[in-house]
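K.L.:
The structure that follows is given in the form of structure tokens.
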Amino acid sequence: DYIIGDIHGCYEQFKRLLKEIGFDKSKDRMIACGDLIDRGQDSFKCALLVREPWFHSVMGNHEDMFLQYQRREIDIGMYIYNGGEWATRLDEQSSLILYELLSELPLVIEIETVQGLFGVIHADLFGSYWDEAISELTPEFAMWSRNRIKQMNQTKINGIEKVFFGHTPVNQPAALGNCYYIDTGCVFGKSLTGYDVM
């Protein structure tokens, strides 16, 4: 298993990472922290990754914006400002395919490892006990909040070994307690970070 930060349409960088780590699609899994789309060159290709049996992702705020755009619940200018211009060029069938795929993304993915339980959430969670935090987690908080990292909250989340987040770009992977932030700004010309779960 590998956990990867925000791809944001950077399909070629993602392919290079797979090659670099010797990813084997027949036996390895890739779990993404969300924000597969927007801003980069190949959002459509990146969104289609969720159809692959070896690729899994939580829902990020950019997937949320795409779904809102398709339901006409978000101002088109606001979505374009946030990198969604590519979605305005999709034909009806492609829009429907992506809407159905991205609507099914979960807010949380749990991974059983030899080290213990790992969690993946796009943006944030509150509290210090995993089961309680997950039961009370709202989509808004899971996809949009930056409270923990803004406050540099070092509180350990009990009941889980490690929790991985994207959403907030960092210059290098950062740890707060047992919370790990791995969006290292690939779409801004920096690196695409992957974590080898082992």
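K.L.:
What pairs can you find where one residue is in the stretch 116-134 and under 16 Å from residue 146 (Cα atoms) and in contact (Cβ under 8 Å) with a residue 40 or more places away in the chain, the other is assigned to a loop (DSSP other than H, G, I, E, B) and of a type in the set (Phe, Trp, Tyr), and their Cβ atoms are less than 9 Å apart, with a gap of 6+ or different chains?
P.N.:
Final answer for the pair search is none.
K.L.:
Could you check the stretch 80-133 and list, in sequence order, the residues that are among the small types (Gly, Ala, Ser), assigned to a helix (DSSP H, G or I) and open to solvent by 30 Å² or more (accessible area, probe 1.4 Å)?
P.N.:
Let us first name the residues in the stretch 80-133 that are among the small types (Gly, Ala, Ser), namely 83-84, 87, 94-95, 103, 116, 119, 123, 127-128, 133.
Still in the running and assigned to a helix (DSSP H, G or I): 87, 94-95, 103, 133.
Result: 103, single match.
K.L.:
While we're on this one: Looking only at the stretch 65-79, filter to residues that are aliphatic (A, V, I, L, M) and open to solvent by less than 30 Å² (accessible area, probe 1.4 Å); which one of those is farthest from the chain's Cα centre (by Cα)? Give the derivation first.
P.N.:
Step one: list which residues in the stretch 65-79 are aliphatic (A, V, I, L, M), which gives 65, 67, 74, 76, 78.
Then keep just the ones that are open to solvent by less than 30 Å² (accessible area, probe 1.4 Å); that gives 65, 67.
Numbers: 65: 13, 67: 15 Å.
Selected residue: 67.
K.L.:
With the requirement that a residue be out of contact with any His (no Cβ under 8 Å at 6 or more places or on another chain), part of a loop (DSSP other than H, G, I, E, B), surrounded by 15 or more Cβ atoms within 10 Å (Cβ to Cβ) and not aliphatic (A, V, I, L, M), what does the stretch 162-176 give you?
P.N.:
Looking only at the stretch 162-176, we keep the residues that are out of contact with any His (no Cβ under 8 Å at 6 or more places or on another chain), and these are 162-164, 168-176.
Applying the additional criterion that residues be part of a loop (DSSP other than H, G, I, E, B) yields 168-173.
From what is left, the residues that are surrounded by 15 or more Cβ atoms within 10 Å (Cβ to Cβ) are 168-170, 173.
Matches in the stretch 162-176: 168, 169, 173.
K.L.:
Further question on the same structure: Between a residue in the stretch 156-174 that is hydroxyl-bearing (Ser, Thr, Tyr) and any residue that is in a loop (DSSP other than H, G, I, E, B) and buried (at least 16 other Cβ atoms within 10 Å of the Cβ), which pairs come within a Cβ distance under 8 Å, given they are 6 or more apart or on different chains?
P.N.:
From the stretch 156-174, the pairs are 168/123; 168/183.
Quick grid of which residues meet (1) over 27 Å from residue 119 (Cα atoms); (2) small (Gly, Ala, Ser):
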{"site": "10", "(1), (2)": "no, no"}
{"site": "21", "(1), (2)": "no, no"}
{"site": "34", "(1), (2)": "no, yes"}
{"site": "47", "(1), (2)": "no, yes"}
{"site": "62", "(1), (2)": "no, no"}
{"site": "85", "(1), (2)": "yes, no"}
{"site": "96", "(1), (2)": "yes, no"}
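K.L.:
For the stretch 159-187, enumerate the residues that are touching a Pro at 6+ places or on another chain (Cβ under 7 Å) and either hydrophobic (A, V, I, L, M, F, W, C) or modelled with pLDDT under 95 (or both).
P.N.:
Kept after step one, since they are touching a Pro at 6+ places or on another chain (Cβ under 7 Å), are these residues of the stretch 159-187: 180-185.
Hit for the stretch 159-187 is 182, nothing else.
K.L.:
Within the stretch 51-60, take every residue that is touching a helix residue (DSSP H, G or I) at 6+ places or on another chain (Cβ under 7 Å) and open to solvent by 10 Å² or more (accessible area, probe 1.4 Å) and give me the one that is nearest to residue 12 (Cα to Cα). Break it down stepwise before answering.
P.N.:
Taking the stretch 51-60 and keeping what is touching a helix residue (DSSP H, G or I) at 6+ places or on another chain (Cβ under 7 Å), we get 51, 55, 57, 59-60.
Now narrow it down to the ones that are open to solvent by 10 Å² or more (accessible area, probe 1.4 Å): 51, 59.
Details: 51: 18, 59: 21 Å.
Among residues in the stretch 51-60 that are touching a helix residue (DSSP H, G or I) at 6+ places or on another chain (Cβ under 7 Å) and open to solvent by 10 Å² or more (accessible area, probe 1.4 Å), the one nearest to residue 12 (Cα to Cα) is 51.
K.L.:
Could you run through the stretch 136-145 and say how many residues are open to solvent by 20 Å² or more (accessible area, probe 1.4 Å), part of a helix (DSSP H, G or I) and either farther than 23 Å from residue 168 by Cα or touching a residue at least 24 places away in the same chain (Cβ under 8 Å) (or both)? Give the derivation first.
P.N.:
Residues of the stretch 136-145 open to solvent by 20 Å² or more (accessible area, probe 1.4 Å): 136-141, 144.
With part of a helix (DSSP H, G or I) added as a condition, the list becomes 136, 139-141, 144.
Retained after the next criterion (residues that are either farther than 23 Å from residue 168 by Cα or touching a residue at least 24 places away in the same chain (Cβ under 8 Å) (or both)): 139, 144.
Number of matching residues: 2.
K.L.:
Among the residues of the stretch 30-50, are any more than 25 Å from residue 90 (Cβ to Cβ) and open to solvent by 10 Å² or more (accessible area, probe 1.4 Å)?
P.N.:
Taking the stretch 30-50 as the starting set, the residues that turn out to be more than 25 Å from residue 90 (Cβ to Cβ) are 31.
From what's left, open to solvent by 10 Å² or more (accessible area, probe 1.4 Å): none.
No, every residue in the stretch 30-50 fails to be more than 25 Å from residue 90 (Cβ to Cβ) and open to solvent by 10 Å² or more (accessible area, probe 1.4 Å).
K.L.:
Looking at the stretch 1-29, which of the residues that are in a loop (DSSP other than H, G, I, E, B) and among the acidic types (Asp, Glu) is least open to solvent (accessible area, probe 1.4 Å)? Quick ask: steps written out before the conclusion?
P.N.:
Going through the stretch 1-29, the residues in a loop (DSSP other than H, G, I, E, B) turn out to be 1, 5-10, 22-29.
Filter once more, so that each one left must be among the acidic types (Asp, Glu): 1, 6, 24, 28.
Working: 1: 44, 6: 3, 24: 52, 28: 29 Å².
The residue in question is 6.
K.L.:
Show the residue pairs meeting these rules: Cβ distance below 6 Å; 6+ apart or different chains; first residue within the stretch 1-22 and farther than 11 Å from residue 196 by Cβ; second residue open to solvent by less than 10 Å² (accessible area, probe 1.4 Å) and part of a helix (DSSP H, G or I).
P.N.:
Qualifying pairs under 6 Å: 7/14; 7/46; 9/43; 9/46; 10/186; 11/46; 13/186.
K.L.:
A further question on this structure: Among the residues of the stretch 8-64, count how many are of a type in the set (A, V, I, L, M) and touching a Cys at 6+ places or on another chain (Cβ under 7 Å).
P.N.:
As a first pass, look at the stretch 8-64 and keep what is of a type in the set (A, V, I, L, M): 17-18, 21, 30-32, 36-37, 47-50, 58-59.
Those still in the list that are touching a Cys at 6+ places or on another chain (Cβ under 7 Å) too: 36-37, 58.
Total meeting the criteria: 3.
The values are calculated or read from the model by the stated rules, or taken from the named source; none is laboratory data. The shown structure was predicted, so the numbers you read here are calculated from the model rather than taken from an experiment. Virtual Cβ from ideal backbone geometry, glycine too; neighbours counted across all protein chains shown. Each accessible area value is taken on the protein alone, full model and side chains, heavy atoms only, with ligands, DNA and RNA left out. Shrake-Rupley method; radii C 1.70, N 1.55, O 1.52, S 1.80 Å.
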